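Here's the structure we're looking at; comments come further down.
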Amino acid sequence: MTRPAAAGQLDLPGFETPSAPPSVTPQPAVPRPEAAPAVPLADAMTPTRFHHPRAAREIDLGHAVVAYEFKRVRRRSIGMVVSAEGLSVRAPRWVGVGEIEAALREKAAWIRAKLVEQHERARKQAASRIEWRDGTTLPFLGESVILVLDARATGAVLNSAADALPGVPRLTLHVGLPQGAEPEQIRDTVQAWLQRQARRVFEERCNLYAPRLGVRWTRLALSSAQTRWGSASADGSIRLNWRLIHFAMTTIDYVVAHELAHLREMNHGPRFWDVVRSVIPDVDAARGTLKSELLPALD
């Protein structure tokens with residue numbers, strides 16, 4: 001699912017991308033009853049109304065009233081995209097409103113399901129936001145770490161407790177800041193530590209997997225891109241998103257191997273995936289983790 005970002009470079013997309021079903025090619029309007037099956041809402045708290053911030057029209061899709069963004073564009077088919085903002089619809093200028101609404105009802109089950117999915121994802125993302133204070137927790141290499149403000153510490157020091165109680169994180173990060181430190185100061189200090197750890201870990205994993213794949217990497221750069229986990233260039237340069245350090249090592253290894261494999265196959269054909277699977281057999285599990293797990297917000 002990657003695409004070239006520039007000549008001689010391939011990227012690995014990351015984070016959640018808007019969902020779009022196959023475009024609907026307008027056909028002569030034929031009256032027909034709505035036959036889309038109802039999609040159960042996630043729970044009693046799931047809203048039955050969905051409103052795009054730039055909504056221009058509204059439609060009842062059964063179990064959900066959807067206010068959607070609508071634009072007339074130069075294209076041959078009706079396009080629908082469900083993003084974090086809601087439903088967006090694009091249609092040719094010559095297609096009537098009745099025909100557009102018929103197409104939306106035809107895709108009602110898909111639209112409802114994706115809107116609920118996006119709503120649930122936004123709820124989880126809000127819950128994953130870190131409060132930058134003493135005692136907060138954050139993910140590091142797949143484990144929870146308790147943040148401890150300790151003015152006696154120098155920089156940031158990670159401690160491990162072998163005798164931690166069940167359910168209590170065994171890792172603590174002692175940060176050399178006073179109890180009254182501002183949230184922004186705590187955030188910047190911790191993120192700087194995370195980035196140092198990311199570089200250390202990524203270099204170790206590149207050095208581990210490059211010989212196994214028969215490639216040589218020349219340079220490693222950290223990225224903070226919102227939509228890419230990594231990229232590789234034909235000159236051996238590797239770029240990896242530092243926020244991967246939140247994931248367990250198995251997931252990091254997949255992204256590292258994915259980018260190194262591009263130094264042999266600058267594409268995503270069958271031979272490329274054979275190269276990746278030669279060192280990461282369970283590719284699907286790693287890709288699923290990247291799609292399903294939410295990372296803390298950068299702010």
- Note on the structure: For Lys71, counting only lysines whose alpha-carbon sits under 22 Å away and dropping same-chain residues fewer than eight positions off, the answer is Lys107, Lys114
- How much length, in nm to one decimal, is gained on full extension between Glu203 and Arg93, taken as 0.36 nm per residue of separation minus their Cα-Cα distance? 34.3 nm
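How far, in nm, would the chain grow between Arg152 and Asp284 when pulled straight, counting 0.36 nm per residue and subtracting the alpha carbon separation?
Numbers: separation 132, 0.36 × 132 = 47.52 nm, distance 4.48 nm.
Full extension from Arg152 to Asp284 adds 43.0 nm.
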- Quote the relative contact order of the stretch 161-292 in percent (integer), defining contacts as alpha-carbon pairs under 8 Å separated by 6+ residues. 20 percent
- Query: Taking the alpha-carbon centroid of each part, what is the distance from the stretch 235-252 to the stretch 92-108 in angstrom?
  - Reply: 43 Å
- So how do 91-97, 252-258, 107-113 stack up, highest first, on mean other-Cβ count within 10 Å? 252-258, 107-113, 91-97
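Keeping the other protein chains in place, figure out the carbon and sulfur percent of the accessible area of the stretch 165-214, with a 1.4 Å probe. Before the final figure, lay out the partial values.
Numbers: 1370 of 2710 Å².
Answer for the stretch 165-214 is 51 percent, counting heavy atoms of protein chains only.
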- Heavy atoms of Thr154: accessible area, 1.4 Å probe, square angstrom to 10: 120 Å²
- Tell me, in nm to one decimal, what length is gained between Ala248 and Gln226 on full extension, where the rule is 0.36 nm per residue of separation less the Cα-Cα distance? 6.0 nm
- Can you give the Kirkwood hydrodynamic radius of the stretch 165-299 from its Cα pairs, in Å with one decimal? 16.3 Å
- Query: How far apart, in nm, are two points set 7 Å out from the Cα along the Cα-to-Cβ line at Ala161 and at Trp273?
  - Reply: 4.5 nm
- Can you bin the stretch 178-242 into rounded, prolate or oblate? Criterion: square roots of the alpha carbon gyration tensor eigenvalues sorted a ≥ b ≥ c, rounded for a/c under 1.5, prolate for a/b above b/c, oblate for the rest. prolate
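The values are calculated or read from the model by the stated rules, or taken from the named source; none is laboratory data. Bear in mind the structure is a predicted one, so any value in this text is a computation, not a measurement. With ideal geometry, Cβ positions are generated from the backbone for all residues, glycine too; neighbour counts draw on all protein chains shown. For accessibility, only protein heavy atoms count, side chains too; no ligands or nucleic acids. Shrake-Rupley method; radii C 1.70, N 1.55, O 1.52, S 1.80 Å.
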